[in-house]
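Asks: Starting off with a structure, shown below.
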Amino acid sequence: MADLSNKCSSLISILPKVKEEYKIEDKSLDEKFNLMLDIQFNLQKVIYENLNIHPLIKEYFLENKQEISFWIINQWIAIQDEYQELYESIGGEKYKSASWKWWKKSHKDFLDENIKNILSDEEKEELKFEVIDIVHFILNYLVLSKILSEKNIVFAKDIQKESEIKNEVPFDIQGYHILNLLKMQNITIKHYTTLIEGKVFEYFFNKADLSEVIESINENASKSLYLIYDFWTNILGLDGNDFVYYYIVKNYENIQRQKRGY
């Protein structure tokens with residue numbers, strides 16, 4: 001499981017409050033994503049102000065090009081950490097790290113089981129929030145783009161694809177299947193991130209201009225976001241609205257953590 005000292009499953013208690021405050025049912029998917037992006041941007045402002053890091057403005061990043069590279073790298077490090085927690089969360093308390101440690105005896109047992117039978121109700125909620133944590137850092141790529149372009153993000157339309165997985169029952173997938181899909185998803189997002197890093201590297205050495213960096217961030221981070229959204233709404237039994245509501249709930253907790261000195 002993920003760090004139990006930092007459990008999020010209890011956060012569903014504030015879900016009704018979030019649904020009452022935010023009315024998103026009639027919004028398009030792009031509008032929902034932009035709402036999430038605005039909320040994520042505000043969270044970064046809170047964090048950077050609380051920690052007195054540096055101003056989140058275009059002028060600062062242009063004067064300190066290395067900070068653009070650091071921002072991109074920091075998100076990738078965080079995403080990998082969240083994936084590691086996700087690998088363990090799919091095994092629940094029953095299997096823990098044996099869900100991905102192929103050298104453990106119980107790994108084969110995990111591969112043969114269905115995760116809907118492995119995970120408790122609390123662990124299923126925890127898994128949802130582990131997925132949302134990855135979304136936070138993918139959105140942070142787009143936060144940087146928004147800072148640099150000073151414009152709203154236009155999400156690429158051509159990469160919206162429906163998942164090949166159609167679960168009639170949430171979490172109804174065998175261990176071996178979800179683990180393999182999770183690894184492939186991680187590899188794909190790494191590919192998108194590498195394309196962003198490459199363009200930032202070129203920009204740092206004056207071989208690309210800022211507009212190319214922004215275009216690469218928008219295209220590849222959008223692809224990553226749609227990939228997560230499409231796959232996990234299916235597996236977790238979340239519809240498009242609940243996916244956003246869960247994000248907002250976790251964001252609320254992240255703000256509270258800052259206040260608590262997390």
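The values are calculated or read from the model by the stated rules, or taken from the named source; none is laboratory data. What you are looking at is a predicted structure, and each value in this text was computed from that prediction instead of being measured. Here the Cβ is made from the backbone with ideal geometry for all residues, glycine too, and neighbour counts use every protein chain on show. Just the protein is used for accessible areas: all its heavy atoms, side chains included, with ligands, DNA and RNA removed. Shrake-Rupley method; radii C 1.70, N 1.55, O 1.52, S 1.80 Å.
Asks: Which ³J(HN,Hα) values, rounded to whole Hz and listed in residue order, are derived for the range 81-86 from phi using the Karplus coefficients 6.51, -1.76 and 1.60 in 6.51 cos²θ - 1.76 cosθ + 1.60 with θ = phi - 60°, glycine and proline given as x?
Replies: With coefficients 6.51, -1.76 and 1.60, one gets 5, 5, 5, 4, 5, 5 Hz.
Asks: Rounded to the nearest 500, what is the chain's calculated 222 nm mean residue ellipticity when only DSSP H runs of at least 4 contribute -39500 (n - 2.57) each, over all residues? Don't skip to the answer; put the middle values down first.
Replies: Working: 11 runs with 180 residues, N = 262.
Roughly -23000 deg cm²/dmol at 222 nm, from the helical runs in the chain.
Asks: Another question, if that's okay. Under 23 Å Cα to Cα from K101, which lysines show up? Leave out anything in the same chain fewer than 8 places away.
Replies: Qualifying lysines at Cα under 23 Å: K7, K116, K124, K128, K183, K190.
Asks: Report in % the part of the accessible area of the chain that belongs to carbon and sulfur, leaving out ligands and nucleic acids; probe 1.4 Å. Show your work: numbers first, answer last.
Replies: Values: 6530 of 12980 Å².
Carbon and sulfur together cover 50 percent of it.
Asks: What accessible area, in Å² to the nearest ten, does a 1.4 Å probe give for S28?
Replies: Surface open to solvent at S28 totals about 50 Å².
Asks: Calculate, in nm to one decimal, what S69 and W102 gain on full extension: separation in residues at 0.36 nm each, minus their alpha carbon distance. Provide the component values of the computation, followed by the final result.
Replies: On the way: separation 33, 0.36 × 33 = 11.88 nm, distance 3.44 nm.
The S69-W102 span can extend by a further 8.4 nm.
Asks: I need the phi-derived Karplus couplings for the range 174-185: 6.51 cos²θ - 1.76 cosθ + 1.60, θ = phi - 60°, integer Hz, Gly and Pro marked x.
Replies: Once θ is set to phi - 60°, the couplings for the range 174-185 become 6, x, 4, 6, 5, 5, 5, 5, 5, 5, 5, 5 Hz.
Asks: Report relative contact order for the chain in percent, whole number only (criteria: Cα-Cα under 8 Å, sequence separation at least 6).
Replies: Values: 298 pairs, mean separation 76.5, N = 262.
Result for the chain is 29 percent.
Asks: Could you derive backbone 3J(HN,Hα) for the range 124-130 from the dihedral phi with the Karplus parameters 6.51, -1.76 and 1.60 (θ = phi - 60°), listing whole Hz in sequence and x where the residue is Gly or Pro?
Replies: Whole-Hz 3J(HN,Hα) from phi for the range 124-130: 5, 5, 4, 4, 4, 6, 5.
Asks: Right, something else. DSSP loop chymotrypsin sites (Phe, Trp or Tyr not before Pro) in the range 39-111 with at most 13 other Cβ atoms within 10 Å of their Cβ, which ones?
Replies: Values: sites: F41, Y48, Y60, F61, F70, W71, W76, Y83, Y87, Y95, W100, W102, W103, F110; in loops: W100, W102, W103.
Answer by residue number: W102, W103.
Asks: Would you kindly give the portion of the calculated P(r) for the range 29-87 that falls above 17 Å, as a percent of all Cα pairs? Write down the numbers at each step before the final one.
Replies: Working: 969 of 1711 pairs.
Taking all Cα-Cα pairs of the range 29-87, the fraction more than 17 Å apart is 57 percent.
Asks: Another one. Subtracting the Cα-Cα distance from 0.36 nm times the residue separation, let me have the gained length for N117 to E25 in nm, one decimal.
Replies: On the way: separation 92, 0.36 × 92 = 33.12 nm, distance 3.13 nm.
Gain on extension, N117 to E25, equals 30.0 nm.
Asks: With a 1.4 Å probe and every protein chain left in place, tell me how much accessible area S224 has, in Å² to the nearest 10.
Replies: 10
Asks: Assuming a ≥ b ≥ c are the square roots of the Cα gyration tensor eigenvalues, decide whether the range 166-262 counts as rounded (a/c under 1.5), prolate (otherwise, with a/b larger than b/c) or oblate.
Replies: On the way: a/c = 2.43, a/b = 1.42, b/c = 1.71.
Oblate, because a/c is 1.5 or more while a/b does not exceed b/c.
Asks: Tell me, what is the per residue accessible area of the chain in Å², probe radius 1.4 Å?
Replies: On the way: 12980 Å² over 262 residues.
Here the per-residue accessible area is 50 Å².
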